[in-house]
Every structure is written in C-alpha cells, then in structure tokens.
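Enquirer: Before we start, here is the structure in question, set down as structure tokens.
The values are calculated or read from the model by the stated rules, or taken from the named source; none is laboratory data. Given the structure is predicted, the values throughout are model-derived calculations rather than measurements. Cβ: placed from backbone, ideal geometry, glycine included. Neighbour counts: every protein chain shown. For the accessible areas, the whole protein counts, side chains as well, though only heavy atoms, and no ligand, DNA or RNA atoms are used. Shrake-Rupley method; radii C 1.70, N 1.55, O 1.52, S 1.80 Å.
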Amino acid sequence: MAAHLFRRAGFAANIDQLDQAVEQEPADVVKRLVIGPSESKEAERESAEFAQAILASGDPKQLSAWWVYTLFRTEYPLQEKMTLFWHGHFATSAEKVQDANAMYSQNQMLRRFALGDFSAMAHEISRDPAMLIYLDSVTNRKAHPNENFARELMELFCLGEGHYSERDVQELARCFTGWEIRHGRFRFNRYQHDSGDKSIFGKTDRFPDGSAIDLVLQRPAAPRFIAGKLVRYLVFDEPVASRALIDPLAQQLREQAWDIGAVVDRILASNLFFSDHAVGRKVRSPVDLTIGLLRSLGGSTNAQRLAGELVFLGQGLFYPPNVKGWDGGRAWINASMLLGRANVVGRLLRDKTTRYGRGDLESYFRNMGIRSAADVVHALCELMLAVPLPKDARERLTALAEHGGGNPSQRIAKTIHALATLPEFQLG
Amino acid sequence: MSTRREFLATLGSSAIVSIGAVTPPAFLLKAAAAEAKEEPETVLVIIQLSGGNDGLNTVVPYSDDTYRRDRPALAIGADRVLKIDDECGFHPSLRGMADLFESGKLAIVHGVGYPNPNRSHFESMDIWHTCQRKGSPRSTGWLGRYLDASQTGSGGDAPALHLGGDKQPLALAAEQVRSPTIGSLDRFRLHDGGDTQLRETIEELVGQSREGGGDLLRFIQTSSKAALKAGRRIEAARRGYQTPIDYPQNRLAENLHTVAQLIDAGLGTRVYYLELAGFDTHSQQAGAHAALLNELGGGVSAFLQD
C-alpha cells in the first residue's frame, strides 16, 4: 500500500522510504506528501543552478535533461508529479516555441501552482508567452480575433468538449484581442483591444482584464472537468469515473476556491484510492517507469540520455505531441512501445553512469541486508510491482538471479530487465 | 483484408459523406458494387507531403494560359516538363514518377479537395485528416474510421503503421484500433544483448496468459506477446531480406525500404503511413520544391521496383 501511494503521489519509493512509511498512519503520510518538505532546499537549489546553466545555452532540448535531473533529486515528488500533469494539461511544446527561457518560465509557473489555486493558474497561463506562441496568439487583433486560444481555453483547459457554443468561442475571442507578446513578455495593446460588449454564456458585459476567464470557470462543467482529469491521473485509467465519484470533488473545488492541493489530499487519502479499483489500475507512463525504477533503487543516471529515451518512448518532456498533451492509459501500450520500454530499461541498467545509492546493484542490496537471489527477487517485486506475479514467474526470475551468468550485479540487472518486460511491470 | 473496392466503399460511406453531407460520387459506389477478383495481398502506403505540396507545379498544366500568367516566376514551361499529354506534364524532378507512368504503374487523380478550402495549415490539415469541417468533433481520422469499421484480422499485427516522427497522424486516430508509430525497425525487436537465457526467460514469462488479472493486465499481456512475436518475425525477415535495389539515401527512401522489409517479413499490416516534410516553402521555392520532388520520385520508384 505504501509503495502504491508513493508510486502515484510521486515516482516510487526506495526500501528505506517504504520502511519509514509503514510505521505511520496513511493519512499522515499523505499529508506529508501533499505539503512537501519544510526545509532542506538543497535539491531545489542544485536544480535551479543546473537550470541557469542550461538556460545560458538557450537550447530547449536541454531543458528536458534539467527536468529529468530534478525528478531524480526532488524531495517533493508530488509537486513534480502534478507539474507534469499540468504540463500535459496546458500542453505547450518547445518544438514550436523554441525559446528555452519561455518554456522554463512556464514550467516554473506550473510548479508554483501545481497544488495551488487552479483559477490563478488559468489566469497566468492566458498571459504566458510560451503558451501564446504555441497557440499562435502572439498578436491578437481587434479586426481578426484569434479564436484558437478562446477555443482551447474552453475545450482543453477548463470545460471540455460540448460545453460551449461556437458563438461563445467567437465572443470569448474578442475578450483577448490586444493580448500580445512584446520582447518575450505579455503586453496589453489597448489599440487592438475590442472593448465593446460581448455576450458569452448568455451574459453580456465588456469583460475587461481576463474577467471572461472567471466566467468560464463559473460554469458547472469546469470543476467537474478538472476533478475528472485528476481522478484519471491519480486513481485509475479506466473506466471513465462516474458522476457520483466526481461531483463531491467538483463541489470541493468550487467551495474551496479551486484549491488543487486539498482535492489531491482528499483523493489520495480516500478508501477508493487504496482499493482494488485503484491499485494496479493505471498504465505507467514512460516517466513513471524509468524515473520510478531508478528512484526505487536509490538510483540516478545520465539525465541527458534518459531525457532522450523518454522522447523515444513517447513522453518527451517539454515536447508534448499536440495540444491535447499525452493521452496516457492504454495509449502507452502498443507493439513498438512495449519493446521500447523493455529496451530502455535494459539500456539504463547497462549504462555505466547508472548508480544505485552511489554504488552498484549488488552493494545496494547487500547494504539493505538482502543477499540471496530469492530475497532480491522478493524485494524487487515489493518495490516495483503493483500486482502479484504468477508463482512460477517468481521462480524463473529467482533462477535467473542465481544462474544468470556474469557477476552478481549483472545477474541482478538481468533479473530487473526481465521483470521490466513483464505485463505486471507496466502497471503502476 | 477486404478488397480495394470494399475499402473505397467504406470511405464513401464514412468519410466523404461527412463533408457537408454530399452523397458519395456514383463512380465510387459503382466500383464498390462491381465484383472483381480478390486482392488479398494489397497494401496501402500513404505518403503525406507535409507543409502543403504545390500540386500545380507537380503535375503541371503547362499549356494553360492562366497558369503561366499567374505564375510569372514559378511557372514551368513546355520545354521543361516531362510531358504526359498536350495539357499536363510532370515537374522535371519527377523522372521516377514519369517512368512509372510510362509503364502503366502510376495513376493521377486531379482536383481532389473540398469546397471553400481553409487557408490555415493546421486547420486545413485537420480537415484533410478527419474529413470534418470546423464545428464537428474531430476525434477520428479517415483511416482510423476505416480501421475501426473493417476490424480486419492482421494476425495480431497492427493493422496500420506510421513510420516517422513520434506524432501520430490524425488520419490514423480511431476509436478502437491502435496504430503504432515506429522510427525504425530496430525498435521492433527485443534487445537482449545476445543473452539467450534472458530472452527465453522473458518469452516464457510474457507468453503465459494472465487469467485472473483484470482487463488492463490481460490487454498488456496479449499486446506484449504480440510485440515479441512481431519482433521475432521482423528479425528473421531482416536476416533473410535481400534487395538488389539501390535506395536513395534519404529519410523517405529509408522508410520505404523499411516498409518493403516489413511486407517481406509477412507482417499482417495493411496500411503504412509515411511523411515527407518540408513542403511549406515560401521563399526559395523552386529549388526546395525540386529537391523534395526528387526525393519523392526516387524513393517511390525504388520501392515499387523492389
């Protein structure tokens, strides 16, 4: 159960973390995950330093490596997990934006609000230079309002399809005329702004200063949309969550001023979350798979290389495939992706720069008091699997760990490689 | 796999009708109804010319006055085209295509489009991929709908494959059928570092069916098993595959080469989707276009010969 919580509320936990967690009340563990560390900002500081070096190079591709590095080291995994969620929700790709600083700023903004006020985040994203570039909204003229942003705001960011009319899109677009970017920053150009009355969702007003966003967020569909996405991200991929499940969460969002952290806390502490409906009911994303594998073994590897592997597996950080972000769920599973995942794990394990608690695999387990092949396999299953293995599978893996050829670390690596190809390993 | 005519009929009913509710042209319906011999081995290979190919300079109406008048700088004259007839000819870089045409292996369909074309790249591409104008939901593409409707058995292999970058073309988006995107054949096999014991362990463990595990686990297990099987087939085919044909050295030709290998491997896939990008030319158009068409002609020609 603790492993399940850490997998979902972050990117898995290592043996020490799990041992500590089982001594505590689940609700307390959840609280700590949601609130994050009170001190020890060392990981944060190192991450910021690394970021500055990368931004100096101006290469957006390097940002992916920066984020991977941050994921290894973070002491606030839930914040990173939610930042990743919002990165997919407010999908913006460096492929088009091409500006490392803009992408980084957006990412930091998402991080700031990841467990915070969604309404504030929606306002921020509407003025975010990277987003405006991505949606071709760099200039938004009075005579030709840009409908793209208005449509995405409703369809993708706040309401979902089917909860607005074409007319609403057109009128909403007029609210954002004059919203531009100059010198990489948001600028309001009042000469291009259409300040007349607009009629949206049956309400007529001039809607200055982004107040139209508040109107959109007041729609009943809005909190349901966000709550639904949160449940899918944190609890189960399928089936689609029922209204009975979503409505109380939506109501909480409405009543608590869009406090995402509070709703996430409620979800993670719920009985549903720890039930059969949730455990093992999500397909692990490439990030979950690779970062999770490493973190559960106290490990790290070459961030640049791993960032490249994530692209290979379809989850390039800062490079979502389109405005809808990543579908997730079964979309991660297709013929070449499955083999790709296994191959990436194989490469990670063979990579000389991969470290496990500053050493190799054999010493890592030995330091935990785990020596025999059977014990290693047992530990691996506890750490990494959300569902049990068939009995003879365990025996086969133990045989591999015992007689697999090569030195002890290599044998353990092969066993993990084999484990990573199994269907059970794809679930998280 | 259904016949070519059945395929067109499905298109007729699902895709073309969706554009402003126009009934399918009579010739398509007739073609569907007409019985012809079964063609069980047909494979459809689609090459998307991304960015917007200049069709008028590809199959050139060289004798048309309007064409010459409206394109003072870019018009290709009678002296340079590879003539098809009195009215049109190929762009001079399409030697490969012209040869295919001469040997009766190439057909050209003129004037495919939709009323009131949209000028935005993304919007227009979305319309082409989904055959839906704005206002209609665009969750599935024309190929995706065909794949869902036909649900052909492809022996566990993906019914359609996209070779290229990581973004799946909207045309392939479907309600049920998943079409993978692969960058190269190398991704299709398990890298076991030559360790047979490891490979055998993996294949055995993946091969076991997971009865009690639930929907998702079963789905993953069957997909994993199919993936390993496909990987083995492709590996064997690569070893056996020989071609005397010299493919040009560029991305498209490499991809076409890959398709040839997969077909040779007996993969059950019936639709392959490839892209040639770079047609979004606004400046230096003549040179860029010529180079791209050269790539296109050379690649297709080599592929068909193979």
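Enquirer: What value does the protein assembly as shown have for Rg/Rh, both radii from Cα atoms and Rh as Kirkwood defines it? Intermediate values should be presented prior to the final figure.
Expert: Details: Rg = 27.7 Å, Rh = 28.3 Å.
Rg/Rh for the protein assembly as shown comes to 0.98.
Enquirer: Now a separate question. Most mobile of A:Ala65, A:Ala56, A:Ala401 per a Gaussian network model of chain A (Cα springs, under 10 Å)?
Expert: Its mean-square fluctuation being the largest, the pick is A:Ala56.
Enquirer: Can you pull the three principal axis extents for the Cα set of the range A:65-120, in Å, largest first?
Expert: Taking the Cα atoms of the range A:65-120, the three principal extents are 29, 29, 16 Å.
Enquirer: Among rounded, prolate and oblate, which fits the range A:32-169 when a ≥ b ≥ c are the square roots of the eigenvalues of its C-alpha gyration tensor, a/c under 1.5 means rounded, and a/b larger than b/c means prolate?
Expert: Oblate.
Enquirer: Now for a different question. Estimate for me the total accessible surface buried between chains A and B (protein heavy atoms, probe 1.4 Å, no ligands or nucleic acids), in Å² to the nearest 100. Write down the numbers at each step before the final one.
Expert: On the way: alone 19060 and 17430 Å², together 33030 Å².
Summing both sides, the interface buries roughly 3500 Å².
Enquirer: Taking every pair of distinct Cα atoms and averaging 1/r, then inverting, what Kirkwood hydrodynamic radius in Å comes out for the range A:187-342?
Expert: Numbers: mean 1/r = 0.0527 Å⁻¹.
About 19.0 Å for the range A:187-342.
Enquirer: Now for a separate question. Mind listing the long-range amide H neighbours of B:Ala277? Cut-off is under 5 Å, sequence gap 5 or more, other chains count too, H placed in the peptide plane at 1.01 Å from N.
Expert: The answer is B:Ser50.
Enquirer: Let me ask something else about it. Just the number please: accessible area per residue for the protein assembly as shown, 1.4 Å probe, all protein chains included, in Å². Walk me through the numbers before you get to the answer.
Expert: Values: 33030 Å² over 734 residues.
With all protein chains present, the protein assembly as shown gives 45 Å² per residue.
Enquirer: Where does chain A land on Rg/Rh, using Cα atoms and the Kirkwood Rh?
Expert: Values: Rg = 23.0 Å, Rh = 22.9 Å.
So for chain A, dividing Rg by the Kirkwood Rh gives 1.00.
Enquirer: Residue by residue through B:202-208, how many Cβ atoms from other chains fall within 10 Å of the Cβ on average?
Expert: Numbers: counts 10, 1, 4, 14, 7, 0, 6.
Mean shielding by partner chains, rounded to a whole number: 6.
Enquirer: Right, here's the next one. Between B:Glu123 and A:Asp205, what is the spin-label point distance in nm, taking each point 7 Å from the Cα along the Cα→C-beta axis?
Expert: Distance between the two pseudo-spin positions: 2.9 nm.
Enquirer: Answer with one residue from A:Val235, A:Pro223, A:Thr177: the one whose Cα lies farthest towards the positive end of the charge dipole of the range A:155-256, charges on Cβ with Lys, Arg +1 and Asp, Glu -1.
Expert: A:Thr177
Enquirer: Divide by every residue of the protein assembly as shown the summed helix terms, -39500 (n - 2.57) for each DSSP H run of at least 4, and state the resulting mean residue ellipticity at 222 nm, rounded to the nearest 500 deg cm²/dmol. Kindly include the intermediate steps, with their values, before the conclusion.
Expert: On the way: 34 runs with 373 residues, N = 734.
Counting only the DSSP helices, I get -15500 deg cm²/dmol.
Enquirer: Ignoring ligands, DNA and RNA, what percent of the accessible area of the range A:284-324 is carbon or sulfur (1.4 Å)? Show your work: numbers first, answer last.
Expert: Values: 540 of 1020 Å².
Carbon and sulfur atoms account for 53 percent of the accessible area of the range A:284-324.
Enquirer: Say R0 is 60 Å: what FRET efficiency, to the nearest 0.05, do A:Asn189 and B:Arg68 get from their beta-carbon distance? Don't skip to the end; give the middle numbers.
Expert: Numbers: r = 43 Å, r/R0 = 0.72.
It comes to 0.85.
Enquirer: Ok, one more. In nm, to one decimal, how far is the B:Ser103 label point from the A:Asp197 one, both placed 7 Å along Cα→Cβ?
Expert: 7.2
Enquirer: So what are the ³J(HN,Hα) numbers for the range B:269-277, from phi and the Karplus equation (6.51, -1.76, 1.60; θ = phi - 60°), rounded to whole Hz, Gly and Pro as x?
Expert: Result, rounded to whole Hz: 4, 10, 10, 10, 10, 10, 9, 10, 9.
Enquirer: Among A:Leu400, A:Leu71, A:Leu84, whose mean-square fluctuation peaks in a Gaussian network model of chain A (Cα, cutoff 10 Å)?
Expert: A:Leu400
Enquirer: Please report, as a whole percent, how much of the solvent-accessible surface of the range A:97-244 comes from carbon and sulfur atoms (probe radius 1.4 Å).
Expert: On the way: 3010 of 6400 Å².
C and S atoms contribute 47 percent here.
Enquirer: Now for a different question. Based on the Cβ-Cβ distance from B:Gln242 to B:Leu44, what FRET efficiency comes out when R0 is 41 Å, to the nearest 0.05?
Expert: On the way: r = 25 Å, r/R0 = 0.61.
Here the calculated transfer efficiency is 0.95.
Enquirer: Taking the Cα centre of chain A as origin, work out the dipole magnitude from +1 charges on Lys and Arg Cβ and -1 charges on Asp and Glu Cβ, in debye rounded to 20. Each step should come with its number before you reach the end.
Expert: Working: 52 positive and 51 negative charges, 130 e Å.
Computed charge dipole of chain A: roughly 620 debye.
Enquirer: Would you list the P(r) distribution for the range B:55-128, with all Cα-Cα distances sorted into 5 Å bins from 0 and each bin expressed as a whole %?
Expert: 3, 14, 22, 19, 16, 16, 9, 1
Enquirer: Compute, for the range A:138-248, the length of the dipole vector about the Cα centre, with Cβ point charges of +1 (Lys, Arg) and -1 (Asp, Glu) only. Units Debye, rounded to 20. Working shown, then result.
Expert: Numbers: 17 positive and 16 negative charges, 86 e Å.
The calculation lands at about 420 debye.
Enquirer: Which one of A:Ala102, A:Trp67, A:Ala51 is farthest out on the positive end of the charge dipole of the range A:37-115, using unit charges on Cβ (Lys, Arg +1; Asp, Glu -1) and the Cα centre as origin?
Expert: After comparing all options, I get A:Ala102.
Enquirer: Under a 10 Å cutoff between Cα atoms, tell me which one of A:Asp351, A:Asp259, A:Asp392 has the largest fluctuation in the Gaussian network model of chain A.
Expert: A:Asp392
Enquirer: Ok, one more. How far apart, in nanometres, would the label points at A:Glu25 and A:Glu46 be if each is projected 7 angstrom from Cα along the Cα-to-Cβ direction?
Expert: 3.4
Enquirer: Any idea what the dipole of the protein assembly as shown comes to, in debye rounded to 20, about its Cα centre with Lys/Arg Cβ at +1 and Asp/Glu Cβ at -1? The partial results should precede the final answer.
Expert: Values: 83 positive and 88 negative charges, 88 e Å.
With only Lys, Arg, Asp and Glu charged at Cβ, the dipole is about 420 debye.
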